[in-house]
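Bear in mind these aren't lab numbers, they're just calculated from the coordinates by the rules spelled out. Note that the structure is a prediction, hence the values are computed from the model and not measured. Every residue, glycine as well, gets a Cβ built from its backbone with ideal geometry; the counts of neighbours run over all protein chains shown.
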Amino acid sequence: MTNKRQYDLVVIGSGPSGRRAAVQAAKFGRSVLVVDKLPRVGGVSLHSGTIPSKTLRETVLNLTGWRERGFYGSMYRVKQDITAADLRARLAKTLDYEVEVLEHQFARNNVTVEHGLARFIAPHEIDVLTSAGDSRRVTADKIVIAVGTHPYRPHDIPFDESVVLDSDGIIALDNLPRSLTVVGGGVIGIEYATIFSALDIRVTIIEPRENILDFVDRELVADFMHQLRDRGMMFRLGAKLDAIQMEGRQPVAILDGGRRVRADMLLYTAGRTGATDQLDLAACGLTTDSRGRLRVDPHTFQTSVPHIYATGDVIGFPSLASTSLEQGRIAACHACGQSVPPAPEFFPYGIYSVPEISTVGKSEEAVRAEGIPYECGIARFRETSRGTIMGIQGGLLKLIVSLETRKLLGVHIVGEGATELIHIGQAVLNLGGSLDYFIDATFNYPTLAEAYKIAALDAWNRITPRVETVSSNVGVAAPVAAATPT
Ligand SMILES: Cc1cc2nc3c(=O)[nH]c(=O)nc-3n(C[C@H](O)[C@H](O)[C@H](O)COP(=O)(O)OP(=O)(O)OC[C@H]3O[C@@H](n4cnc5c(N)ncnc54)[C@H](O)[C@@H]3O)c2cc1C
Ligand SMILES: NC(=O)c1ccc[n+]([C@@H]2O[C@H](COP(=O)([O-])OP(=O)(O)OC[C@H]3O[C@@H](n4cnc5c(N)ncnc54)[C@H](O)[C@@H]3O)[C@@H](O)[C@H]2O)c1
């Protein structure tokens, strides 16, 4: 059956960027259709990416009593026998709720939703093939491609959806393994590796580069890796994976040089590929790079075909739900002829590992490479009273400031609450603030946010010339340093 309809905007994909583009255009009074091939809206973000992994993390931290172990010891557990079913239960509830919220949002804004596989017939025409086999044609003035990515799955990896899995499979586990090998020390690999390690599962990470998370400040990563090694996680860095062999039910990773890493389960997370393979892009005049990604104008998100936009992970870096939402909004504003102010210069990165990492602005390596004179200030969470109350033993906050202007250049945090705390630094950074803001501002006490003040004072102490001790014969204690602001 074929029937044809016309919309102002058709959005392919209902993940963060598609959803935001659709609602924004509807708010401008445009007729909008969202097409998604999954049976429920929300995209990778909701069904296999951000929300499932963060829900799994929260469940693990709650059921293990992870946050209380600083006080009660590493053997402390809220629930003794944590099963895969325990993990799935909270996930199902969270996803149902999030889908409902999104469906209501679309309905309230008169956004029409269709479930089916979209592909181009012509630059303004799309075919939607439903799971029932119906084919429906739609035409649109403007189109947003927001199809996201899927896990990179090389043919020589023996995925079996049981013990050799990618990040889509890991959220639907039937049983928890006793040991896990993670291939790929990127964000996804590190998040899942540390979440499973918090369940007292033995985890080994295999990464071909010499470092993990190479976009994160090295001092932070060193502290992070120290914490992970301390709890028994193993790293095989600079290790190339030659093959995966099955020995009975156990996958064995064979490394370059013959080293073997055996575990009950293997998670393969070596990057992702743009989900453009089924779009028939040739019909609208677009091509992709070797990983299926589209190129866009970074200010408008237009592709080389001006009425077709692309947003979210399908355009590559930074591939975050947070940035994807903004890209969708900007694309919709442009498509609707509305202007958008330029985005603030810096956005944060939040890595929901255990412990969390969050970072905004320049790393120390970047500042050094740019030849900017700088100084750092560091606070350890255990120096804050709130940290002591919470039993926090690890975690640090690092500020990087310009020596010439005292302006804040970067904030890097590892530890409890990092992904929330970072927004204080983000605001100061984007508003052009300096070290003095943290020195002069009063913070709630006791809070982890106080770490900003402590790190700022640490930087201040390093920057400010010291006043030499003046010996006194009258027994009055002389100042050791320049008057330190408090
Ligand atoms: C495991 C994991 C954890 C993550 N954690 C975080 C995090 O903590 N924070 C963060 O900011 N980001 C995180 N991300 C990244 C985040 O999920 C993505 O940046 C975000 O989902 C990208 O959104 P998007 O708009 O590109 O669409 P996506 O969420 O990728 O959704 C695309 C949608 O398009 C649909 N589609 C594809 N092709 C077609 C077609 N031909 N026809 C119809 N529909 C189609 C798909 O079915 C899908 O529903 C994570 C990703 C993963 C994989
Ligand atoms: N908290 C978050 O914001 C969050 C969480 C998860 C994912 N994401 C996004 O999802 C995207 C994809 O994440 P990812 O971890 O899949 O990709 P990635 O590119 O971050 O990491 C892939 C890792 O696999 C390694 N690798 C590449 N080829 C390999 C091979 N053949 N064998 C072994 N290792 C190999 C790479 O060196 C790299 O370290 C990221 O760009 C990230 O932005 C964000």
Note: THR464 to GLU370 extended length (0.36 nm per residue) minus current alpha-carbon separation gives 31.5 nm
log₁₀ I(q)/I(0) of the stretch 188-340 at q = 0.15 Å⁻¹, via Debye over equal Cα point scatterers, no solvent, to two decimals? -0.92
Can you list, largest first and rounded to whole Å, the semi-axes you get for the stretch 1-58 by taking the square root of 5 times each eigenvalue of its Cα gyration tensor? 27, 15, 6
The Kirkwood hydrodynamic radius of the stretch 77-128, taken as the inverse of the mean 1/r over all distinct Cα pairs, in Å, comes to 14.7 Å
Could you tell me which of ALA270, ASN211, SER179 has its Cα farthest along the dipole of the stretch 164-270 towards the positive end, charges placed at Cβ (Lys, Arg +1; Asp, Glu -1), taken about the Cα centre? SER179
To the nearest µm²/s, what D does Stokes-Einstein give for the stretch 349-462 at 37 °C and 0.692 mPa s, using the Kirkwood radius over alpha carbon pairs as Rh? 237 µm²/s
Over the alpha-carbon set of the stretch 29-177, work out the extent along each principal axis and list the three values in angstrom, largest first. 62, 43, 25
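If a helix is a whole DSSP H run, which ones in the chain reach 27 Å or further along their own axis (Cα) and hold a mean Kyte-Doolittle hydropathy of at least -1.0?
Membrane-span-like by this criterion, though nothing is claimed about a membrane: 84-108.
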How many percent of all Cα-Cα pairs in the stretch 183-239 sit more than 13 Å apart? 57 percent
Descending packing, highest mean Cβ count within 10 Å first, for 145-152, 63-70 is 145-152, 63-70
For the stretch 164-270: relative contact order, % (alpha-carbon pairs under 8 angstrom, 6 or more apart): 38 percent
Cα centroid of the stretch 309-328 to Cα centroid of the stretch 27-63, whole Å: 14 Å
What shape does the stretch 85-172 take by its C-alpha gyration tensor, where a ≥ b ≥ c are the square roots of the eigenvalues and a/c under 1.5 counts as rounded, a/b above b/c as prolate, and the rest as oblate? oblate
Taking only pairs that are 8 or more places apart or on different chains, how many Lys pairs in the chain have Cα atoms under 19 angstrom apart? 9
Roughly how many whole Å is it from the C-alpha centroid of the stretch 385-455 to that of the stretch 69-94? 31 Å
May I ask you to order 428-435, 339-346, 166-173 by the average number of other C-beta atoms within 10 Å around their residues, highest value first? 166-173, 428-435, 339-346
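Can you tell me how much longer the chain between ALA84 and ALA441 gets when fully stretched, taken as 0.36 nm per residue apart minus their C-alpha distance, in nm with one decimal?
Details: separation 357, 0.36 × 357 = 128.52 nm, distance 4.61 nm.
That pair, ALA84 and ALA441, stretches by 123.9 nm at full extension.
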Note down the relative contact order for the chain as a percent, whole number, built from C-alpha pairs under 8 angstrom at least six residues apart. 15 percent
In Å, descending, principal axis extents of the Cα set of the stretch 410-451: 26, 20, 11
Across bins of 5 angstrom width beginning at 0, how are the C-alpha pair distances of the stretch 289-359 distributed, in whole percent? 3, 15, 24, 23, 16, 10, 6, 3, 1
What is the ratio of the Cα radius of gyration of the stretch 164-270 to 2.2 N^0.38 Å, with N the residue count, to two decimals? 1.01
State, to one decimal in nm, how far the label point of GLN393 lies from the label point of MET234, with both points 7 Å from Cα in the Cβ direction. 2.3 nm
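Enter the mean projected area of the convex hull around the alpha-carbon atoms of the stretch 30-77, in nm², rounded to one decimal.
5.2 nm²
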How long is the gain from TYR72 to SER290 if the chain were fully straight, where each residue apart is worth 0.36 nm and the alpha carbon distance is subtracted? 73.4 nm
Report D for the chain in µm² per second (integer): Stokes-Einstein, Kirkwood Rh on Cα pairs, 4 °C, 1.567 mPa s. 52 µm²/s
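Looking at the stretch 204-307, which GluC sites (Glu not before Pro) are in a loop (DSSP not H, G, I, E or B) and have at most 13 other Cβ atoms within 10 Å?
Taking the stretch 204-307 and a limit of 13 other Cβ atoms within 10 Å, the loop GluC sites (Glu not before Pro) found are GLU210.
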